[in-house]
Structures are given as structure tokens and as C-alpha cells.
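Beneath this line is the structure, given in C-alpha cells, with notes to follow.
The values are calculated or read from the model by the stated rules, or taken from the named source; none is laboratory data. Everything numeric in this text was worked out from a predicted model, so none of it was measured. Note that each Cβ is placed from the backbone with ideal geometry, even for glycine, and that neighbours are counted across all protein chains shown. Heads up: the accessible areas ignore ligands, DNA and RNA and are worked out on the full protein's heavy atoms, side chains in. Shrake-Rupley method; radii C 1.70, N 1.55, O 1.52, S 1.80 Å.
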Amino acid sequence: SVLAAANPTFGRYDDMKNAVDNIDFQSTILSRFDLIFIIRDERNEAKDQLIAKHIMDLHSGAASNDVEGEIDIETLKRFVCFARHKISPRLSEGGAKRLQDEYIAIRQRYAGAGEDGQKAIPITVRQLEAIIRISESLARTTLSLVATEKHVEQAVQLFKESTEDAASRGLQTEGMSSPEAFAELSKAE
């Protein structure tokens with residue numbers, strides 16, 4: 001697995017620009033990520049205080065490693081190791097059909113024209129394979145050898161809330177719900 005983070009093009013996310021202009025990665029690079037989440041660093045004094053205290057505690061040795069959870073760390077490590085080496089889920093027939101239908105529906109929903117007159121398609125075979133991997137990973141977390149329709153639905157939901165949302169961000173800023181209002185503001189700038 002690869003987890004990556006990047007700063008916006010000019011150091012701060014600009015709500016007046018779309019995600020592509022804010023991120024400034026080539027589509028060939030972006031398409032290689034299974035999920036893309038845009039996380040904005042919004043100013044909040046109370047939250048900033050908590051984050052600063054946590055970071056200072058980490059660097060001063062005051063932070064405690066005795067974090068308690070429902071599962072102790074050693075058990076969690078053994079679970080992950082077992083699941084990774086012993087569980088290799090595959091899509092069920094129903095899951096495969098559900099994913100195929102969803103793939104077609106997403107492509108149909110975005111069948112509008114893009115900037116160059118071509119059809120704008122936010123999901124390709126690469127994203128379809130990513131959703132399959134996510135479905136299988138979700139099945140693995142339950143130690144299931146079969147990725148069911150439920151796992152596919154969860155994976156599609158993750159895709160919609162991450163990558164699809166990231167692709168459409170930037171044009172619908174607060175108070176700017178119409179293209180005319182957005183164009184007027186852009187002209188004023």
C-alpha cells in the first residue's frame with residue numbers, strides 16, 4: 001500500500017479553482033491512486049491548540065504510548081498478518097454484477113462533454129480495478145474468502161466519497177451554486 005500527501009499548488013487550497021488546478025498532478029499520476037481524499041486545513045483555534053499540544057507532547061516525551069483500544073496492538077498485528085497471508089477473497093457473482101452495474105451507471109452519469117469536446121469520464125478500468133481491490137480488502141477485514149455485494153457497496157461508497165468527490169470539487173463553493181455566479185466572481189477578481 002502507498003499513502004501519499006501533497007500540498008495545494010500555491011500552498012493553500014483555493015475554493016475558486018477546481019481540484020485539478022489545486023492539486024496540479026498529471027491525470028496519469030492521479031489515476032494510479034485507488035482513493036483520493038482532499039483534506040483541507042481549516043483554521044480552528046480549539047483544534048489548533050489540541051494539535052499543537054499533541055505535537056509538543058510527542059517531542060518532549062510527555063506523550064503516552066499506553067493508548068487503549070478495543071484490541072491490544074499485538075493482537076491487531078497478528079490479525080493483520082493472518083489476514084494478509086491466509087485470506088485471499090474473490091468477488092462473488094452478485095458482487096461482480098453489482099460492481100459492473102455501478103461502473104456503467106457512473107460512466108453514464110458523467111457522459112457530458114469535457115473541455116476538449118470529448119466525453120468527460122471520471123471512472124476508467126483502472127478505477128474499476130481499484131474498487132475491486134477495495135472490495136476484496138473489506139472482505140479480508142472480516143476474514144471472508146468472498147467479497148459480497150455488501151463489500152462492493154462499501155467500496156463504491158468510498159470511491160464516491162473520495163475520488164469522485166475530489167474530481168468534482170472546487171466549482172460549487174459556498175454561495176456559488178450557479179455557474180453564472182462563479183463566472184461573475186471570477187471576472188471581478
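Annotation: Ala62 fulfils all but one of (1) touching a residue at least 24 places away in the same chain (Cβ under 8 Å); (2) not in a helix (DSSP H, G or I); the unmet one is (1). Any chance the range 70-85 includes a residue that's outside any helix (DSSP H, G or I) and touching an Asp or Glu at 6+ places or on another chain (Cβ under 8 Å)? Checking the range 70-85: not a single residue is outside any helix (DSSP H, G or I) and touching an Asp or Glu at 6+ places or on another chain (Cβ under 8 Å). Determine whether Glu161 is modelled with pLDDT of 85 or more, under 21 Å from Asp24 (Cα atoms), assigned to a helix (DSSP H, G or I) and open to solvent by 70 Å² or more (accessible area, probe 1.4 Å). In short, yes. In the range 69-110, the qualifying residues are those that are of a type in the set (A, V, I, L, M) and open to solvent by less than 70 Å² (accessible area, probe 1.4 Å), and the one that is nearest to Ser144 (Cα to Cα) is Ile87.
Conditions tested, residue by residue: (1) closer than 30 Å to Phe82 by Cα; (2) part of a helix (DSSP H, G or I); (3) at pLDDT 95 or above.
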residue: Ala105; (1), (2), (3): no, yes, no
residue: Gln108; (1), (2), (3): no, yes, no
residue: Glu115; (1), (2), (3): no, no, no
residue: Ile121; (1), (2), (3): no, no, no
residue: Leu128; (1), (2), (3): yes, yes, no
residue: Ile132; (1), (2), (3): yes, yes, yes
residue: Ala139; (1), (2), (3): yes, yes, yes
residue: Leu143; (1), (2), (3): yes, no, yes
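Filtering the range 5-51 to residues that are assigned to a helix (DSSP H, G or I) and open to solvent by less than 50 Å² (accessible area, probe 1.4 Å) leaves Ala19, Asn22, Ile23, Leu30.
Does at least one position in the range 20-27 carry a residue that is under 18 Å from Phe159 (Cα atoms), at pLDDT 80 or above, under 15 Å from the mean Cα position of the chain (by Cα) and not hydroxyl-bearing (Ser, Thr, Tyr)? No, that holds for no residue.
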